[in-house]
1. Residue under question is residue 372, and the condition is that it be under 29 Å from residue 190 (Cβ atoms), surrounded by fewer than 14 Cβ atoms within 10 Å (Cβ to Cβ) and at pLDDT below 85; does it hold?
2. Among 129, 88, which is touching a residue at least 60 places away in the same chain (Cβ under 8 Å) and under 30 Å from residue 51 (Cβ atoms)?
3. Taking the criterion of being at pLDDT below 75 and either under 56 Å from the mean Cα position of the chain (by Cα) or not assigned by TED's automatic domain parsing to the domain that holds residue 126 (or both), would at least one residue in segment 50-60 satisfy it?
4. Confirm whether residue 177 is loosely packed, with under 14 Cβ neighbours inside 10 Å, farther than 21 Å from residue 68 by Cβ and not assigned by TED's automatic domain parsing to the domain that holds residue 71.
5. Report, by residue number, each residue of segment 286-299 that is exposed (fewer than 13 other Cβ atoms within 10 Å of the Cβ) and in a loop (DSSP other than H, G, I, E, B).
6. Looking at (1) at pLDDT below 70; (2) touching a strand residue (DSSP E or B) at 6+ places or on another chain (Cβ under 6 Å), can you tell me which one residue 210 breaks?
7. Read through the list (1) part of a strand (DSSP E or B); (2) surrounded by fewer than 14 Cβ atoms within 10 Å (Cβ to Cβ), then give the number of the only condition that residue 115 fails.
8. Applying the selection to segment 300-327, what residues are under 10 Å from residue 354 (Cα atoms) and either touching a helix residue (DSSP H, G or I) at 6+ places or on another chain (Cβ under 7 Å) or surrounded by fewer than 21 Cβ atoms within 10 Å (Cβ to Cβ) (or both)?
């Protein structure tokens, strides 16, 4: 091979080597970029986990820590290097090999678990924690990211609430006044013995779900309508040929119509449409209706201008006046009744007073649901009800209800 050929071959080899070197440089640059991106991602992950309020532990499938954040170190009093040489059983006194062998398959199946346990600090003290464990796979390995939240304050608050509840019940059980507590859905959650005594109803019967009056009304109305249609069908099919059946069907139809009217009256008394015009107008209507009996004069005094009561307060006052007037008709033998509604600061004051025979409030029968119902309505609104009466000197029912929110 002559010199010219050798030079050409050498140049070709050099060019090929330069190309390979350029490719290697590109691969190295790409690898360095990927490593830098991964390191940045790991740095970002560590940065984020070091700023969460929970102690973070990354565990492998043997239960050993492969990463812990600063909060984990602060909470337990160990250094990062110390914790990375430890496993779950070193900080959880209840964690055993058997428990770990059961927990890991459950975590793998469910994806996440919430566990309440105790962690032991470096100084030996115990810390109540709630652990939120999350399972994931990376590469061909399984991991668990566990976030442990210190629940010391929560447990302290729970204990304080239990103590407060015990103190409340001790006072309420021995209180001379009727006490009842409701939840946000107006269900009674507690009544004291005095409340049960006043109403004459067992405590167990007073607690629990409220009656769904409106839903029951709709269902009852549908049943009555269906019943009336069925009876009418019987009359059409068999009434012409059997006069006795026709007569009985007529009576049943009349009875169903009366029942429907009773249902309408009940619903009107629960939420009278006259309240749409306000409590003053509603009491004027009630006064006029009561005065129609011609035996007792009923007088009403209301302010010309007053704040508007929220609906539940207006309904309560309307029902109290309604019940009081019913009691006057049944028991008082009164000639005059005076209804007064007025404002006093942030309270609405109602008084229903009659000049009837009166009675001894201490001697009210245990099952006097009328007065008990009035008192319960007022208590539910944060107000107070007083009954002032004595034999031969009439009766006055005095109600104080705060306006509260909603006016």
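The values are calculated or read from the model by the stated rules, or taken from the named source; none is laboratory data. Note that this is a predicted model, so its numbers are computed, not measured. Quick reminder, even Gly has a Cβ in these numbers, built from the backbone with ideal geometry, and neighbours come from all protein chains shown.
1. no
2. Details: 88 fails: touching a residue at least 60 places away in the same chain (Cβ under 8 Å).
From the options 129, 88, the qualifying one is 129.
3. yes
4. On the way: loosely packed, with under 14 Cβ neighbours inside 10 Å: yes; farther than 21 Å from residue 68 by Cβ: yes; not assigned by TED's automatic domain parsing to the domain that holds residue 71: yes.
For residue 177, the condition - loosely packed, with under 14 Cβ neighbours inside 10 Å, farther than 21 Å from residue 68 by Cβ and not assigned by TED's automatic domain parsing to the domain that holds residue 71 - is met.
5. Hits for segment 286-299 are 292, 293, 294, 295.
6. Against the list (1) at pLDDT below 70; (2) touching a strand residue (DSSP E or B) at 6+ places or on another chain (Cβ under 6 Å), residue 210 comes up short only on (2).
7. All conditions pass for residue 115, except number (2).
8. The one that is under 10 Å from residue 354 (Cα atoms) and either touching a helix residue (DSSP H, G or I) at 6+ places or on another chain (Cβ under 7 Å) or surrounded by fewer than 21 Cβ atoms within 10 Å (Cβ to Cβ) (or both): 325.
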